[in-house]
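Undergrad: Sharing a structure with you now.
The values are calculated or read from the model by the stated rules, or taken from the named source; none is laboratory data. None of the values given here were measured: they were computed from a predicted structure. Note that we place each Cβ from the backbone using ideal geometry, even for glycine, and neighbour counts take in every protein chain shown. Note: accessible area is taken over every heavy atom of the protein model, side chains too, but ligands, DNA and RNA are not part of it. Shrake-Rupley method; radii C 1.70, N 1.55, O 1.52, S 1.80 Å.
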Amino acid sequence: MNILEVPAVSLPMEADELRRQVRDFLTNELQAGRIESNCDCWLSGFSADFSKRLGDMGWIGMTWPAEYGGHERSSLERYTVIEELLAFGAPVAGHWIADRQSGPLLLKYGTEEQKRHFLPRIAKGECFFCIGLSEPNAGSDLAAIQTRATKTKGGWILNGSKIWTSGAHFSHYMIALCRTDDLDTQNRHAGMSQMIVDLSSDGVTIRPILLMTGEHHFNEVFFDDVFIPDNRLIGLEGEGWVQSMAELAYERSGPERFLSTYPLLNELTNFLLEKEEHEGLLVISRLTARLWSLRNLSIGIADQLDKDVPSDISAALVKDMGTQFEQEIADLAREYTSVIPSVQSSDRLSRLLAESILQSPGFTLRGGTTEILRGIIAKGVFKA
Ligand SMILES: Cc1cc2nc3c(=O)[nH]c(=O)nc-3n(C[C@H](O)[C@H](O)[C@H](O)COP(=O)(O)OP(=O)(O)OC[C@H]3O[C@@H](n4cnc5c(N)ncnc54)[C@H](O)[C@@H]3O)c2cc1C
């Protein structure tokens, strides 16, 4: 099959009942005052208690084997659950990375001991991970990382730093990509490894980088002679690049790449309906058609990933088109309402609009910038 072909996949019948359960659960949570709905909830909405309650419902680690605390549901059932959580704007940031990519990475490359130690705790919503890729001089050009793990008796000594690390301040562990061998200028992707760093270890310093709102989502993380035991190396020494790239298809193809501002889209639609603002509603209809295409592509990739079909190029396509889509929703809301955006406002439209405006510049940067994704897509099209 052509690498750019993604099959049209329908969600199974069981998904309808599951969707109803998730909606009922979220309605109860909201009515009990335990959660609120926010834009960009998968990166900005943190509630350790909520993550725990989702774990109790069996909605984290849904597709993993039962022996590792998973629930052996299909990836399409998982898709249904995360789609509902995102559309609502539920505070899922705590467990998001662990559920989306750290857990699947450990399932694929981890040792038996790592799987038994980490996966059940992730599935219970009690163990959070963050992504340690970017460094001050290595973002798009990730092969330029300089964080270095040097072999010592029984493990490794880690030195260096990571930057823009979302959620490091509430995470228990980071999966860090580091150099375990000197840079080979002929093969820059060689000599890297992935390690699980316990963020409570001696020598780890986490420093906040505040957003322009004053909120704290991401961080700089410094490693100063941090000891990493041998059993925290993931997969094979020197294979870190290949393993990290495999993670990116999970990271780029999910519905979070086009639903970050969905709560605003919903609120805006109600507002325009009430005002009978036909021009705005016409634009919403066009956006809805695009949303439907993105969703079909994303569901098709979820199915492909389940079958271990390489999907990095189509995933880049979802991320590129999806993040622009979610940015446009914020622009449209500014154009068709005279509401003054304020994160403190008790008016829901005003608050969601402010959150979207403040968060949306990062949508096309995080997880790979638009320019980089288009390079990947162009090379894929050329080779296909
Ligand atoms: C909200 C947010 C959360 C993030 N969370 C994390 C996280 O949890 N963990 C983590 O590791 N990182 C995280 N990042 C970092 C993110 O992955 C990087 O910002 C991104 O990869 C870009 O790297 P950079 O910032 O160093 O920009 P640069 O790589 O310096 O790029 C600057 C500009 O140059 C362009 N450019 C660079 N190279 C090329 C090229 N070859 N061709 C064309 N254009 C090019 C880029 O597209 C961009 O517009 C986060 C970023 C944001 C905004």
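Undergrad: Mind checking whether some residue in the range 298-317 is of a type in the set (D, E, K, R), open to solvent by 50 Å² or more (accessible area, probe 1.4 Å), in contact (Cβ under 8 Å) with a residue 24 or more places away in the chain and closer than 15 Å to L11 by Cα?
TA: Yes, the conditions are met somewhere in the range 298-317.
Undergrad: Let me ask something additional. Hey, any hits in the range 90-113 for a residue that's among the small types (G, A, S), in contact with a strand residue (DSSP E or B) (Cβ under 7 Å, 6 or more places away or on another chain) and open to solvent by less than 10 Å² (accessible area, probe 1.4 Å)?
TA: There is at least one residue in the range 90-113 that is among the small types (G, A, S), in contact with a strand residue (DSSP E or B) (Cβ under 7 Å, 6 or more places away or on another chain) and open to solvent by less than 10 Å² (accessible area, probe 1.4 Å).
Undergrad: What are the residues in the range 236-264 that are touching a Lys or Arg at 6+ places or on another chain (Cβ under 8 Å), open to solvent by 20 Å² or more (accessible area, probe 1.4 Å) and of a type outside the set (K, R), if any?
TA: A246, Y250 - these are the residues of the range 236-264 that are touching a Lys or Arg at 6+ places or on another chain (Cβ under 8 Å), open to solvent by 20 Å² or more (accessible area, probe 1.4 Å) and of a type outside the set (K, R).
Undergrad: In the list T337, T269, which residue meets the criterion of being hydroxyl-bearing (S, T, Y), farther than 30 Å from V242 by Cα, away from the ligand (no atom under 16 Å from the Cβ) and at pLDDT 95 or above?
TA: Every option except T269 fails the conditions.
Undergrad: Looking only at residues that are open to solvent by 20 Å² or more (accessible area, probe 1.4 Å) and touching a Lys or Arg at 6+ places or on another chain (Cβ under 8 Å) in the range 201-234, which one is farthest from G110 (Cα to Cα)?
TA: E220
Undergrad: Further, regarding this structure: Does any residue in the range 263-279 that is closer than 17 Å to A330 by Cβ and among the polar types (S, T, N, Q) come within less than 8 Å, Cβ to Cβ, of a residue that is open to solvent by less than 100 Å² (accessible area, probe 1.4 Å) and part of a helix (DSSP H, G or I) six or more places away or on a different chain, and which pairs are these?
TA: Pairs that qualify, where the first residue is closer than 17 Å to A330 by Cβ and among the polar types (S, T, N, Q) and the partner is open to solvent by less than 100 Å² (accessible area, probe 1.4 Å) and part of a helix (DSSP H, G or I), are N266/A87; T269/L281; T269/I284.
Undergrad: Condition first: within 17 Å of the chain's Cα centre (by Cα) and within 25 Å of R295 (Cβ to Cβ). Can you find one or more residues in the range 106-118 that meet it?
TA: No.
Undergrad: May I pose another question? In the range 45-54, which residues are open to solvent by 10 Å² or more (accessible area, probe 1.4 Å) and either within 23 Å of Q114 (Cβ to Cβ) or aromatic (F, W, Y) (or both)?
TA: Within the range 45-54, F46, A48, K52 meet the criteria.
Undergrad: Any residue in the range 359-371 that is in a loop (DSSP other than H, G, I, E, B) and open to solvent by 30 Å² or more (accessible area, probe 1.4 Å) sitting within a Cβ distance under 8 Å of a residue that is of a type in the set (F, W, Y) and within 8 Å of the ligand (Cβ to nearest atom)? List the pairs, counting only those 6 or more apart or interchain.
TA: Close Cβ pairs (under 8 Å, with a partner that is of a type in the set (F, W, Y) and within 8 Å of the ligand (Cβ to nearest atom)) amount to R366/W164.
Undergrad: Check whether at least one residue in the range 344-367 is within 16 Å of the ligand (Cβ to nearest atom), in contact with a Lys or Arg (Cβ under 7 Å, 6 or more places away or on another chain) and on the phi > 0 side of the Ramachandran plot, and report yes or no.
TA: Yes: one or more hits.
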